[in-house]
Amino acid sequence: MTALLETRGVWQRFGGLVANSDVSISVGRGEIVGLIGPNGAGKSTLFNLIAGVLPPTQGSIIFDGEDVTNLPAAARCQRGVGRTFQVVKSFETMTVIDNVIVGALVRNTVMREARRKAHEVLEFTGLAARADVLASDLVPAEKRRLEVARALATEPKLLLLDEVLTGLTPTEAQTGVALVRKVRDAGITVLMVEHVMEIVMPLVDRAIVLDLGKVLVEGKPADVVRDPKVIKAYLGDRHAVGA
Amino acid sequence: MGLLYGLIAVGLALIFGLMDVTNFAHGEFLMIAMYLSFFLFAFFAIDPLLSAPLVAAALFVFGAVIYLLLVRFAMRAKANAGMVQIFTTFGLAIVMRGLAQYFFTPDYRSIPQSWLGGKTISIAGIFLPEPQLVGALVSILAFVGLYFFIHRTDFGRAIEATREDPGAVALVGIDKNRVFAFGWGLGAALVGLAGAIMAVFFYIYPDVGASFALIAYVTVALGGFGSVFGAFAGGIIVGLVEAVTALVLPPSLKSVGIYAVYLLVVFIRPRGLFGSI
Amino acid sequence: MDKDFAARRRRDLIIAAVLAAIAALTPLFVKDVVVQNIMILTLMYAGLSQSWNILSGYCGQISLGHALYFGLGAYTTELLFTKFGVLPWFGMLAGGAVSALIAMGLGYPFFRLRGHYFVIATIVIAEIGLLLFHNWEWAGAAMGITIPIRGDSWLKFQFLRTKLPYFYFALALCCLAWFVTWWLENSKWGFWWRAVKDNPEAAESLGVDVFNSKMGAAAVSAFLVAVGGSFYAQFVSYIDPESVMGFQFSLLMALPAVLGGIGTLWGPVLGAAILIPLTELTRFKFGGSGRGVDLIVYGTLIVLISLALPRGLLSLFSRPKKTGAAR
């Protein structure tokens, strides 16, 4: 079986700064893959390259057997890439259901069907009771969930989650973890970026650790956490931050 | 003329840069300043050149009061913050125009005789009108003064700091409202200075602000919103463009050149020439 | 929940039909020409503001240069009529088409601009249009165009003895703009527009074609405003650059929507119903040009509403569902 997503030798430079250098990763169908690494490792950059916010300086991105390197975000969404944002970007003046309808319109041109789909997704994500509330009135954890719901409404093959579990209370994080599992069980591949390893390690099938813009280690979560290189990168990072 | 545009625009840029608010009543501030200068001349026979500091001081108070009474609340709006700011200052502009029409009548007025009015000076064979020349001089002085004020005094630095990070500033014990009120005052004072000088060689009427306001916005945008230096440079460019257009096109089209340059600049550099934000 | 929604949509439609019917009957009781005049203007501005609201309210691209499209509609119609004898009915459509095309053409560079840069660009482009028409000899330059009076005729959309046909046309225009908004509100476009307004980046990630959303909104908005401009030209039967392309029109299109509730279905109608009669009455009462009282009343109203009710007057009627945190 071919991978759903592949990056081949991806580079991204911002002026003199190299955010990603020669990153080649692949995500198989039905996997939950964690993309982790210390601050400034280039996780968010890689994430944005995959989502199509900007094209890579060099290299190519293959999604579902198609080269999508130069496609903009909207076109990738149509091909089945859904994403959330690290800093939530809800449509604040719209109700929860309307937020989700925007996503549902990608695959449903008839309004009634889009609306039905949106209700379905709200049910799935546990937001149904809040359907008619303005997005701006949601609490932060709900806003995170709304981001996921909106992306799910586009019926993605690959869901990109950008630190959806960070900053939640332990209970909220637990519900979040359950939701991610549920998403995978629905047949959607998940690639999640997280900074804090403890939360994601029990959840993911495979972890990819980025450091200084390069892939440092890749493998089973249990092996990755014990890898001396990873420990060093994280500890080094802490020292650097402390200094 | 460009330098005067610059002076008008600097006030606007200052307010914008400080707190992301476009003052759509800026032109009306100018109008008030011109009337003030006119009445000081008409009733007390104070020459506009002398009354300029007075006018600037009065406008300073006016600007600060407007901030404290209106703008402060507009900035607190929870919904449609951008719209609220635009329309609050817009409404203010309309009220000011209405009041001017009511009290001063829509008649055109001018200051018939002043120290500078109508005189020209000859430098190397080129005749230059004195008022404009003095205006340019005052503008440069004001700009230099402003530069030193912002970069060399504590309060100036407080303004810069507030502009960069209002939250952090609150932590060091600077009162945000005081700084903003002062910023509004300063912005208004600068436009007051410009108004006082322009009263010498422009007709004064309730709508006079409108024609300059648009040019001021263009100037500010040209320089890059919020950049004080940019606004001044923008003013010079606008003045030059206006002069060049006047040579090529009929006088009624002279503003077209300015507008076209604005559009051209923002299409190429969507943040203006010196925009940093 | 779906039922609630459908019911709400139907209720809006019924209210609109009832209001339109009541409005259609008023001329039976109101014979005073001055009052009729105010009603015509109110309906016209309600329609215009509703159209403006599509681009600026729903799609969030605040334009303060819609006078350009208003003027283009007026000029296209009258130039075609006076120079080529094209009937105003066709001129109206032509004006709408010209405006929509120009709006889209301008959209290419304009929609890359954000915030204040965009607003100022719209003011500037309308100002350029105004200056160009001022200097365009063939189009009458500053003298403008006087529409030749040939007597009452539906064909030429010209009425001297009675204002009623104008009244009904203004009503139809207002209804059209309202209906278009109502219809688009629950369509892919309506959702796209609101998404673009709230957060273009997120919209993009959900497959929304941000640029074309704006283009669509600009085209619809400009078309309807231009039809309004054509109507106005026939109504006043004399046009010059200031009187159809002046900045005040841009303002008068924006204000009712802002007052009533920007980006809402009923805001523009409500805003116009309050603002226009108020403006006309103060002007009438305090008389003469330029005592300025109308401006004072008007400006104060804007300031107060902006500060006290940032979501517009309409927010007084709707009960926001603020239940706070659910869990």
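At a glance:
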quantity	calculated
Candidate set from region A:200-233 (those that are in a helix (DSSP H, G or I) and within 19 Å of the chain's Cα centre (by Cα)); member that is surrounded by the most Cβ atoms within 10 Å (Cβ to Cβ)	A:Val200
Residues of region A:71-106 classified as hydroxyl-bearing (Ser, Thr, Tyr) and more than 10 Å from A:Arg150 (Cα to Cα), total	2
Residues of region A:56-75 classified as in contact with a helix residue (DSSP H, G or I) (Cβ under 8 Å, 6 or more places away or on another chain) and away from chain C (no Cβ under 14 Å), total	5
Residue within region A:193-213 that is of a type in the set (D, E, K, R) and touching a Ser or Thr at 6+ places or on another chain (Cβ under 8 Å) present	yes
Selection from region A:168-194 of residues that are touching a Leu at 6+ places or on another chain (Cβ under 8 Å) and part of a helix (DSSP H, G or I)	A:Ala173, A:Gly176, A:Val177, A:Val180, A:Arg181, A:Val183
Restricting region C:193-217 to residues that are more than 7 Å from chain A (Cβ to nearest Cβ) and closer than 12 Å to C:Tyr58 by Cβ, the residue that is surrounded by the fewest Cβ atoms within 10 Å (Cβ to Cβ)	C:Gly216
Enumeration of residues in region C:94-141 that are away from every other protein chain (no Cβ under 12 Å) and at pLDDT below 85	C:Trp138, C:Ala139, C:Gly140
Contacts under 9 angstrom Cβ, first residue in region A:104-133 being outside the structural domain of A:Val177 (by TED's automatic domain parsing) and among the hydroxyl-bearing types (Ser, Thr, Tyr), partner surrounded by fewer than 16 Cβ atoms within 10 Å (Cβ to Cβ) and part of a helix (DSSP H, G or I), 6 or more apart	A:Thr125/A:Lys182
Number of the condition not met by A:Phe91 [criteria: (1) surrounded by 22 or more Cβ atoms within 10 Å (Cβ to Cβ); (2) assigned to a helix (DSSP H, G or I)]	(2)
Identity of the residue in region A:81-125, facing another protein chain (nearest Cβ under 7 Å) and of a type in the set (Phe, Trp, Tyr), that ends up nearest to A:Val53 (Cα to Cα)	A:Phe85
Meets criteria (in a helix (DSSP H, G or I) and at pLDDT below 70) for B:Gly82	yes
Boolean, C:Val244 is of a type outside the set (D, E, K, R) and modelled with pLDDT of 85 or more	no
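Listed here are the residues, each with its yes/no results for (1) over 23 Å from the mean Cα position of the chain (by Cα); (2) modelled with pLDDT of 90 or more.
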{"site": "A:Met111", "(1), (2)": "yes, no"}
{"site": "A:Ala128", "(1), (2)": "no, no"}
{"site": "A:Ala131", "(1), (2)": "yes, no"}
{"site": "A:Ala135", "(1), (2)": "no, no"}
{"site": "A:Leu138", "(1), (2)": "no, no"}
{"site": "A:Leu146", "(1), (2)": "no, yes"}
{"site": "A:Ala149", "(1), (2)": "no, yes"}
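Okay, residues lined up against (1) crowded, with 16+ Cβ neighbours inside 10 Å; (2) at negative phi; (3) at the interface with chain C (Cβ under 9 Å from one of its Cβ atoms):
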{"site": "A:Arg144", "(1), (2), (3)": "yes, yes, no"}
{"site": "A:Arg150", "(1), (2), (3)": "yes, yes, yes"}
{"site": "A:Thr154", "(1), (2), (3)": "yes, yes, yes"}
{"site": "A:Lys157", "(1), (2), (3)": "yes, yes, no"}
{"site": "A:Leu161", "(1), (2), (3)": "yes, yes, no"}
{"site": "A:Thr169", "(1), (2), (3)": "no, yes, no"}
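For every residue, the table says whether it meets (1) at pLDDT 85 or above; (2) closer than 29 Å to C:Leu106 by Cα; (3) touching a Leu at 6+ places or on another chain (Cβ under 7 Å).
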| site | (1), (2), (3) |
| --- | --- |
| C:Phe5 | no, no, no |
| C:Val18 | yes, no, no |
| C:Ala24 | no, no, yes |
| C:Lys31 | no, no, no |
| C:Ala46 | yes, yes, no |
| C:Asn53 | yes, yes, no |
| C:His66 | yes, yes, no |
| C:Ala74 | yes, yes, no |
| C:Phe84 | no, yes, no |
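The values are calculated or read from the model by the stated rules, or taken from the named source; none is laboratory data. Just so it is clear, the structure is predicted and the values come from calculations on it, not from any experiment. A quick note on method: Cβ atoms are made from the backbone with ideal geometry, for glycine too, and the neighbour counts reach across all protein chains shown.
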